[in-house]
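These notes concern the structure reproduced below.
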Amino acid sequence: MNIKFTDTAARENIIELKNISQSYDGGKNWIIRGLDLLIEDKPDQGQFVVLLGASGSGKSTLLRYIAGLQTPTEGEVLIKGKSVSDKQRVSMVFQEYSSLPWMTVLDNVALALEYKGMDKKERYIKSMEMIELVGLAGQEMKYAQYPALSGGQLQRVAIARSLIANPEIVLMDEPFGALDIRTRIQMQDMLIDLWQRFNSTIIFVTHDISEAVYLADDIYIMKSPPSIIVEHIDIDLPLRRDHNTKRDKHFTELVQQVEDEMMKVSDMK
Ligand SMILES: Nc1ncnc2c1ncn2[C@@H]1O[C@H](COP(=O)(O)OP(=O)(O)O)[C@@H](O)[C@H]1O
Ligand SMILES: [Mg+2]
């Protein structure tokens, strides 16, 4: 299969995974074996990369490498050409609600700015702006816990927390996986809007092919262990997307194409 990576001669790569291998049992079994992934830096634009692959193919593991939470058994992980162990501006959103339930929405969002050393008044002003952007105005004094807030609202808090410090890289691991379909669609649209304001590079994991095509600039498909990236699909839909995009003939074709690739990959050894 032919994997086409973007031409990297002119631009820096924001993320480089080089010849990565992962074993959890001293090399008897390899979850990942010789995986390469280069993601080009587009500083003024950011980009939206979606990772697809069967459960257990190592998607969450790749995100943990990029977040600096884990180092691979073999290989190298570079963020903007530097070792990931250096302090990086990477933040992460999980499927499980990743906010602090004993704090209010406002304090949860403001906390991400406290680490940056911003003074209290400025922190709260910026946080309120962010809370409005994610559609939570009026909820800021509620505790970030269920059932005071719904599942969708809690993911809005998590997204606000992840974006407020303007990170270069945002990692999202099935963030909408637990939401009902209507909430999920609303969250997709909100994420598209936010992403265009923040220009971060987002690496997003999902099992939903239609969601993947709707959100992505690029989709990478991982095969089952020993895993590598087996396919890159360039999503050549307009940058600006909305409800109508999903009714576009080309959108439907891309969904079909990705589905076909996923079926091929599931038969690969
Ligand atoms: N700490 C660990 N110890 C042993 N096996 C692990 C550990 N973390 C992940 N794995 C295994 O690695 C494989 C890939 O896991 P993961 O990255 O979570 O896959 P995905 O997110 O694609 O479902 C799975 O089979 C999982 O059981
Ligand atoms: Mg996972």
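The values are calculated or read from the model by the stated rules, or taken from the named source; none is laboratory data. Quantities reported herein were computed from a predicted structural model and do not represent experimental measurements. Ideal geometry is used to build each Cβ from the backbone, glycine not excepted, and the neighbour counts take in all protein chains shown.
Structure data summary
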{"item": "The range 21-36, subset within 16 Å of ligand 2 (Cβ to nearest atom) and in contact with a strand residue (DSSP E or B) (Cβ under 8 Å, 6 or more places away or on another chain), residue nearest to D236 (Cα to Cα)", "result": "L35"}
{"item": "Residue, surrounded by the most Cβ atoms within 10 Å (Cβ to Cβ), within the range 88-118, restricted to residues that are in contact (Cβ under 8 Å) with a residue 60 or more places away in the chain and assigned to a strand (DSSP E or B)", "result": "V93"}
{"item": "Filter result for K82 (without any contact (Cβ under 8 Å) to a residue 12 or more places away in the chain, closer than 19 Å to L62 by Cβ and either of a type outside the set (A, V, I, L, M, F, W, C) or touching a helix residue (DSSP H, G or I) at 6+ places or on another chain (Cβ under 9 Å) (or both))", "result": "yes"}
{"item": "Residue that is surrounded by the most Cβ atoms within 10 Å (Cβ to Cβ) [pool: residues in the range 188-225 that are among the polar types (S, T, N, Q) and more than 15 Å from ligand 2 (Cβ to nearest atom)]", "result": "T201"}
{"item": "Residue within the range 219-236 that is outside the structural domain of Q22 (by TED's automatic domain parsing), in contact with a His (Cβ under 8 Å, 6 or more places away or on another chain) and under 23 Å from P167 (Cβ atoms) present", "result": "no"}
{"item": "Matching entry among L136, L154 (being in a loop (DSSP other than H, G, I, E, B), surrounded by 17 or more Cβ atoms within 10 Å (Cβ to Cβ) and not assigned by TED's automatic domain parsing to the domain that holds Q45)", "result": "L136"}
{"item": "Count - residues of the range 38-54 that are modelled with pLDDT of 95 or more and within 11 Å of ligand 1 (Cβ to nearest atom)", "result": "3"}
